[in-house]
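See below for the structure under consideration.
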Amino acid sequence: MKKIQGGITAVQGFRAAGLHCGIKSGRSPDLALIAADHRCSSAAVFTLNRAAAAPVVLTRNHSRNGNLQAIVANSGSANACTGAEGLAIAEQMATITGKMLGISPRRIAVASTGKIGAPPSLKALQSGIPRAISSLSHKGSRKAAEAILTTDTFTKEAAVRVRILGKTVTIGGIAKGAGMIHPNMATMLAFLTTDARIPSARLQKMLTAAVDRSFNMVSVDGETSTNDMVVCLANGAAENESIERSPAARRAFQESLDAVCTELAKMIARDGEGATKLAEIRVVGAKNEDAARSIARRISQSPLVKTAFLGEDANWGRIAAAAGSAGVEFDPARVSIFFDNVAVVQNGVGLGPAAERKAARVLGNKYFTVTLDLRTGRHTATAWTCDLTEEYIRINTAYRS
């Protein structure tokens with residue numbers, strides 16, 4: 001597996017575009033379009049928020065047949081809590097896009113992100129979607145990535161290539177997300193493309209697994225959005241034999257899909273609103289994977305842990321307390337805690353001020369790892385989070401979700 005540049009359009013047979021259509025004020029890009037040149041199998045994962053936005057409701061319905069072929073997404077308006085009008089606008093986005101591309105509207109995924117409570121301008125979309133389609137390019141990934149940003153400070157793209165059954169297979173992705181980020185997905189969108197030949201049922205299982213290991217292991221602020229979705233389109237252009245015949249091929253594809261999703265998820269955590277640090281939370285030595293995930297996620301969500309990161313305080317007691325509140329049984333007397341390779345706790349007992357001072361220097365870095373070793377099994381899990389800063393408060397007093 002090799003990392004490459006180019007995001008979603010690093011994959012053969014996909015085009016993308018991004019432009020300003022008038023949903024956002026100013027001239028910031030606010031409309032993205034991704035299209036496959038040929039029919040696709042597809043998979044999708046959606047927010048668990050019960051107040052799901054109109055595009056989520058629509059796309060969840062369209063995705064059931066596993067044959068999505070294009071994605072149209074706007075930023076600047078979440079089109080959430082907008083009633084019948086919002087759903088009608090989401091339907092119009094699919095209808096206009098499908099008509100212009102010459103495919104059924106039911107093969108269009110619709111996504112929105114931005115402020116809750118008001119639908120996007122239909123007039124802006126009616127003029128913008130045809131322009132986006134005419135701008136589709138095999139090098140358009142970056143423009144599409146720019147057009148889905150809200151409070152993000154940078155675009156998020158990733159792509160890998162891997163040999164599967166004698167063929168070169170590429171997987172690419174773009175994402176957005178900086179605030180309202182919490183497992184069960186978050187206020188994030190991620191769009192993935194691949195030229196692998198893979199049945200939609202298998203792709204759905206693999207995408208769900210990849211999301212559980214990546215996007216569902218990120219927490220910025222503990223808020224679960226109304227608009228999250230991850231959509232993956234597979235056009236089969238690599239012409240590989242069916243991966244159903246080969247466990248090794250399935251493992252290779254899953255590892256590559258996991259790698260793209262994980263890279264995008266880490267970018268989201270790094271770009272957390274007001275964040276200055278990216279922290280990787282590793283739980284090792286757990287009895288099972290669910291236990292490891294529960295503890296890693298609980299630590300990543302703790303405001304006390306996150307503010308300690310900001311203060312560069314190796315306050316391991318907050319980490320131990322968060323782990324203990326995760327609803328998982330373990331023996332505190334066996335636990336060890338590390339900041340990078342610096343041990344601050346062994347066998348449940350702190351190693352004293354000297355160790356904490358050394359660990360505090362680790363927390364001065366922009367990126368570091370916190371490891372909690374339970375010493376009760378062989379299972380591990382990793383979560384990603386950021387520090388919680390005064391800038392996060394400033395951003396969210398000025399920005400209306």
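Restricting to the range 116-133, what's the tally of residues that are surrounded by fewer than 16 Cβ atoms within 10 Å (Cβ to Cβ) and modelled with pLDDT under 95?
Number of matching residues: 1.
Looking at 281, 198, which is the one that is crowded, with 18+ Cβ neighbours inside 10 Å, modelled with pLDDT of 95 or more and within 18 Å of residue 383 (Cα to Cα)?
281
Taking residue 253 as the residue in question, decide whether it is of a type in the set (Phe, Trp, Tyr), touching a Gly at 6+ places or on another chain (Cβ under 9 Å) and either outside any helix (DSSP H, G or I) or within 26 Å of residue 203 (Cβ to Cβ) (or both).
Here the answer is no, as residue 253 does not meet what is asked.
Go through the residues of the range 148-156 one by one and say whether even a single one is touching a residue at least 60 places away in the same chain (Cβ under 8 Å), surrounded by 24 or more Cβ atoms within 10 Å (Cβ to Cβ), over 20 Å from the mean Cα position of the chain (by Cα) and not in a helix (DSSP H, G or I).
No: the range 148-156 contains no residue that is touching a residue at least 60 places away in the same chain (Cβ under 8 Å), surrounded by 24 or more Cβ atoms within 10 Å (Cβ to Cβ), over 20 Å from the mean Cα position of the chain (by Cα) and not in a helix (DSSP H, G or I).
Being part of a helix (DSSP H, G or I) and modelled with pLDDT of 95 or more narrows it down to one of 16, 43, 84, so name that one. Don't jump to the end; show me each part of the working.
Working: 16 fails: part of a helix (DSSP H, G or I); 43 fails: part of a helix (DSSP H, G or I).
Answer to the check: 84.
Does the range 48-64 contain any residue that is at pLDDT below 95, farther than 20 Å from residue 101 by Cα and crowded, with 24+ Cβ neighbours inside 10 Å?
Yes.
May I ask you to say which residue of 355, 343, 321, 360 is at pLDDT 95 or above, more than 26 Å from the chain's Cα centre (by Cα) and not in a helix (DSSP H, G or I)?
On inspection, the qualifying residue turns out to be 343.
Among the residues of the range 334-373, which ones are free of Cβ contacts under 8 Å to residues at least 12 places away in the same chain, buried (at least 17 other Cβ atoms within 10 Å of the Cβ) and within 25 Å of residue 266 (Cα to Cα)?
none
What do you reckon, is residue 36 out of contact with any helix residue (DSSP H, G or I) (no Cβ under 8 Å at 6 or more places or on another chain) and among the small types (Gly, Ala, Ser)?
Values: out of contact with any helix residue (DSSP H, G or I) (no Cβ under 8 Å at 6 or more places or on another chain): yes; among the small types (Gly, Ala, Ser): yes.
So residue 36 passes the test.
Quick check on this structure: which one of 63, 104, 42 is free of Cβ contacts under 8 Å to residues at least 12 places away in the same chain and farther than 15 Å from residue 226 by Cβ? Break it down into steps so the answer makes sense when it comes.
On the way: 63 fails: free of Cβ contacts under 8 Å to residues at least 12 places away in the same chain; 42 fails: free of Cβ contacts under 8 Å to residues at least 12 places away in the same chain.
The match here is 104.
Residues of the range 256-274 being out of contact with any Phe, Trp or Tyr (no Cβ under 7 Å at 6 or more places or on another chain) and not in a helix (DSSP H, G or I), which ones?
The answer is 272, and nothing else.
The values are calculated or read from the model by the stated rules, or taken from the named source; none is laboratory data. Since we're looking at a predicted model, the values are computed, not measured. Don't worry about glycine lacking a Cβ; one is built from the backbone with ideal geometry, like all the others, and counts go over all protein chains shown.
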